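Notes to accompany the following structure.
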Amino acid sequence: MRNLFSLLLFVCWLPGAYAQSCDRDCLQLHLTHYLDAQLKHDPNLLPLADSVRFTEDHEQKMLGEGLWATIEGYGTFRQDVLDVRTGIAGTHVLTMENGSPVLVAIRLKIVDGLITEVDTMVVRSREEGMIFNPVEVIAASPAMNIIPTENQRNTRAEMIELALRYPEGLRVGSFVTADARFSPDAYRFENGQLMAGPGCAFLPGCDNIREQRLPTLAGIIAHVAAVDEHLGIVWLRMNFGPGSLMRGEGELSVWEMFKIYDDRIQAVEAFMEEVPANTPFGWDY
């Protein structure tokens, strides 16, 4: 099995395989290989560009530092987002460190078979994440992995437009005002906690994601990190800006996946962490 996996990766890296792009299988193999190499604490196992850049929690580091040095294993949760057009392979994954669960977001940029960019976020505790409920981060949700039919599928441009209505709703303090469109069963999970949708009891009214009470986050910044056209997922990289924390100073830095088809947001799942005010992303999305 190991030899077969290595052969598949080798085929993915052949120049001819990149005449157009690295396809879904190729991108997913790069992600799996990255996770395997991280668990072995050995970035030399990866096909890295000479100019590869790595950040963890907004800070530039050398591959092999940070979580690379301390990871002990993986849980059963992994949600990938694969953007064939841009060569982006991303994932939200549960890892283990010092016997404790850690929430991790990873974005890889693949160019000509080589990893040129690695952008990661590591959330270890409630103190780091504001919300932290890893016991509920068990497996990728069925809702996020439904494959829309051709009749259900929205175009890439439509998906992006629908997803960006969400941060616009936070900017003006109302999803209704922003005309953010949700299915009746739409929900939002943040760091493993149900924060909106049917069954939500976190705050009064949170069971209705569209009409729930929102803060007004006029300084929110949102970038499109990837679009998985096959699964119908838009991955946004966001900083919620001033006023986004429930306590203290600082801001929320967020990786958020939006499941979109039938002209509606069907599900929202996010990993997020607290950062000092005005912390830059450090990446051109």
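All conditions in (1) touching a Leu at 6+ places or on another chain (Cβ under 6 Å); (2) crowded, with 16+ Cβ neighbours inside 10 Å hold for Tyr166, with the sole exception of (1). Would you be able to say whether some residue in the stretch 134-156 is free of Cβ contacts under 8 Å to residues at least 60 places away in the same chain, crowded, with 19+ Cβ neighbours inside 10 Å and within 20 Å of Glu269 (Cβ to Cβ)? Yes, that holds for at least one residue. Here Ala186 fulfils each of the conditions (1) touching a Lys or Arg at 6+ places or on another chain (Cβ under 6 Å); (2) crowded, with 22+ Cβ neighbours inside 10 Å; (3) part of a loop (DSSP other than H, G, I, E, B) apart from (1).
Every listed requirement among (1) under 30 Å from His33 (Cα atoms); (2) free of Cβ contacts under 8 Å to residues at least 60 places away in the same chain; (3) not aromatic (Phe, Trp, Tyr) is met by Val104 save one, (2). Of all residues in the stretch 125-145, those being more than 17 Å from the chain's Cα centre (by Cα) and β-branched (Val, Ile, Thr) number 1. Counting only strands (runs of 3 or more DSSP E) that sit completely within the stretch 210-285, those holding 3 or more residues that are in contact (Cβ under 8 Å) with a residue 12 or more places away in the chain and closer than 12 Å to Leu164 by Cα correspond to 221-228, 233-239, 251-261. Quickly run through the stretch 203-216 and pick out the residues that are surrounded by 15 or more Cβ atoms within 10 Å (Cβ to Cβ) and touching a strand residue (DSSP E or B) at 6+ places or on another chain (Cβ under 9 Å). Answer for the stretch 203-216, where residues must be surrounded by 15 or more Cβ atoms within 10 Å (Cβ to Cβ) and touching a strand residue (DSSP E or B) at 6+ places or on another chain (Cβ under 9 Å): Cys206, Asp207, Asn208, Ile209, Arg210, Gln212.
Is there a residue being outside the structural domain of Leu45 (by TED's automatic domain parsing), surrounded by fewer than 19 Cβ atoms within 10 Å (Cβ to Cβ) and of a type in the set (Val, Ile, Thr) anywhere in the stretch 107-114? Scanning the stretch 107-114 turns up no residue that is outside the structural domain of Leu45 (by TED's automatic domain parsing), surrounded by fewer than 19 Cβ atoms within 10 Å (Cβ to Cβ) and of a type in the set (Val, Ile, Thr). Annotation: Tyr166 fulfils all but one of (1) under 30 Å from Pro43 (Cα atoms); (2) over 15 Å from the mean Cα position of the chain (by Cα); (3) of a type outside the set (A, V, I, L, M); the unmet one is (1).
The requirement of being surrounded by fewer than 20 Cβ atoms within 10 Å (Cβ to Cβ), part of a strand (DSSP E or B) and acidic (Asp, Glu) is fulfilled nowhere in the stretch 26-49; no residue meets it. Here Cys200, Cys206 are screened, and the one residue that is free of Cβ contacts under 8 Å to residues at least 40 places away in the same chain, in contact with a Leu (Cβ under 6 Å, 6 or more places away or on another chain) and of a type in the set (A, V, I, L, M, F, W, C) is Cys200. Candidates are the residues of the stretch 239-264 that are touching a Leu at 6+ places or on another chain (Cβ under 6 Å) and under 23 Å from Thr91 (Cα atoms); the one that is surrounded by the fewest Cβ atoms within 10 Å (Cβ to Cβ) is Phe240.
The values are calculated or read from the model by the stated rules, or taken from the named source; none is laboratory data. If you're wondering where the values come from, they're calculated on a predicted model, not measured in any experiment. Cβ sites come from the backbone with ideal geometry, for glycine too, and all protein chains shown count toward neighbours.
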